[in-house]
1. Calculate log10 I(q)/I(0) of the stretch 1-85 for q = 0.17, 0.21, 0.25 Å⁻¹, where I(q) comes from the Debye formula with a single equal point scatterer on each Cα and nothing for solvent.
2. Would you kindly calculate the mean projected area, averaged across all directions, of the convex hull enclosing the Cα atoms of the stretch 1-156, in square nanometres?
3. Helix-only mean residue ellipticity at 222 nm, the chain, DSSP H runs n ≥ 4 weighted -39,500 (n - 2.57), per residue, nearest 500. What is it?
4. Placing unit charges on C-beta atoms (Lys and Arg positive, Asp and Glu negative, everything else neutral), compute the dipole magnitude of the stretch 238-310 about its Cα centre in debye, rounded to 20.
5. Counting residues in the stretch 214-341 as N, plug N into 2.2 N^0.38 Å and put the Cα Rg over that result.
6. Can you compute the modelled spin-label distance between N94 and K279, with each label point 7 Å from Cα toward Cβ, in nm?
7. How much length would be gained if the chain were fully extended between V34 and D80, taking 0.36 nm per residue of separation minus their Cα-Cα distance, in nm to one decimal?
8. Do any chymotrypsin sites (Phe, Trp or Tyr not before Pro) in the stretch 140-221 lie in a DSSP loop with no more than 14 other beta carbon atoms within 10 Å, and if so, which?
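Every number here is computed from the coordinates shown, using simple stated rules; none is lab data. As the structure is a prediction and not an experimental result, all values here were calculated from the model. Methodologically, a virtual Cβ is constructed for each residue, glycine included, from the backbone with ideal geometry; neighbour enumeration extends over all protein chains shown.
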Amino acid sequence: MIIVMQKGADQKDIDHIIKKVEEYGYRAHLSKGVERVIIGAIGDEKDKTKIENLINRPGVEKIVPILKNYKLASRDFHPDDSVFDVNGLKVGGNNFIVIAGPCSVESREQILESAAVVKEAGAVMLRGGAFKPRTSPYSFQGLEELGLKLLAEARERFGMPIVTEIMNPRDIELVAQYADILQVGTRNVQNFALLKELGRTKKPILLKRGMMSTIEEWLMSAEYIMSEGNQRVILCERGIRTFETASRNTMDISAIPILKDKTHLPVIVDPSHAVGHWKYVIPLARAAVAAGADGIMIEVHPSPENALSDGIQSLKPGRFAQLMEELPPYIKAAGKIMVTL
Ligand code: PEP
Ligand code: MN
C-alpha cells in the first residue's frame, strides 16, 4: 500500500503514520518527492484494512494499493527517478555514466593499463571481474582476492570507483571491502539468498538482467535487494536468449523505455555481453543512449587477442576512445549530461 501525504504535510503527521505502519507489522519506506512525501507500507497485503483506515489521520491525502508485485522498485511508490551517489559520482536522473574495463582482472599490468586507457577516454568507473562465472569449470576462474587488491590499487591510482562481480554470499564481506559497486551477474539474478544478503550491505548493486528473465522477474530480483534495506540498485540490460544465433544474446532495446516507465531505478546497458562481438558494440552503445539509458558498461582490453575471457567482444583502447568521441551528441539528444571525473 502507498500512503500519499498531502502537499506540505507536517513532519509530526508523517512520523505518526510511519509509527502506525510499523505497529501494524509492515515495513515503512519513505519516499520524499519534490512535492510530497509517500510512505510505502510494505508487507503482506491480506490484512490491509488497518492501513486503509489511516486515511482518517491528519496529513493523509490518499491510500492506494500497489498492484504490481514489485513495490519499492515501482515508480508508483517513487515517482521521481532515483539518483544516488557512488563515491561522489551521481547515478540516475539525467546523469549518464560510462563504466569500462576488461572482463576479468588478469594481472597488475593489465588492469592498470586498462584503467589508464578507459579513464583517458572518459570512462568514470572501472569494471573487472575477480570472481568469474565461467560456463566451463576448466576456464579461467578469476584471480579472486588478488584481483580485488589489484582493482583497489587501480582505484587509488586513477580515482575511479570499481565495479566487480559477487557470486557467492560467503564472499560478500571480502568483495565489499574492495569494491564500490557489487555486480550480480546474469547467472545469479535469481539467487535469492545472494540477493537478500546484498540487500543488507551498504554498497550499491549493479543487477544484470538474467538471460532468461522477463522484465517483471528482473524487477522482482531488484525488490529482493530493496526489501532488505538497500535501495541503491542499478539495472543493467545485457541481452537475453532468443532464437537468434548471429549475436551472443539479443540486446533488448525495448527494456529501456519499459523500465523507465515501470521503475525509478537507474538503467544502464552492457552491449558487449549482449552482442558478443566487438564489431557491433559501438552502434549498440549509441542505440542504448538514444533509447534513454542512464549509462553503459563496455568491455575494453589492452590486447583483446590475449584476453583470458571475452576477448572477442572487448574493444581495443583506440576503438573505445572512438566510441567516447561519438557519444556526446547522442547523450545531449537524450537530455542527459555525461558524468565526468
Ligand atoms: C561480466 O560482466 O563480465 C559478466 C560475466 O556478465 P554477465 O553476467 O552479464 O554475463
Ligand atoms: Mn565478460
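1. -0.62, -0.96, -1.34
2. So the mean shadow area of the Cα hull is 13.5 nm².
3. Helix contribution divided over all residues of the chain: -10000 deg cm²/dmol.
4. On the way: 7 positive and 8 negative charges, 33 e Å.
The calculated dipole for the stretch 238-310 is roughly 160 debye.
5. Working: Rg = 15.2 Å, N = 128, 2.2 N^0.38 = 13.9 Å.
For the stretch 214-341, the normalised Cα radius of gyration comes out at 1.10.
6. Distance between label points: 3.9 nm.
7. That works out to 15.8 nm of additional length.
8. Answer in residue order: no site qualifies.
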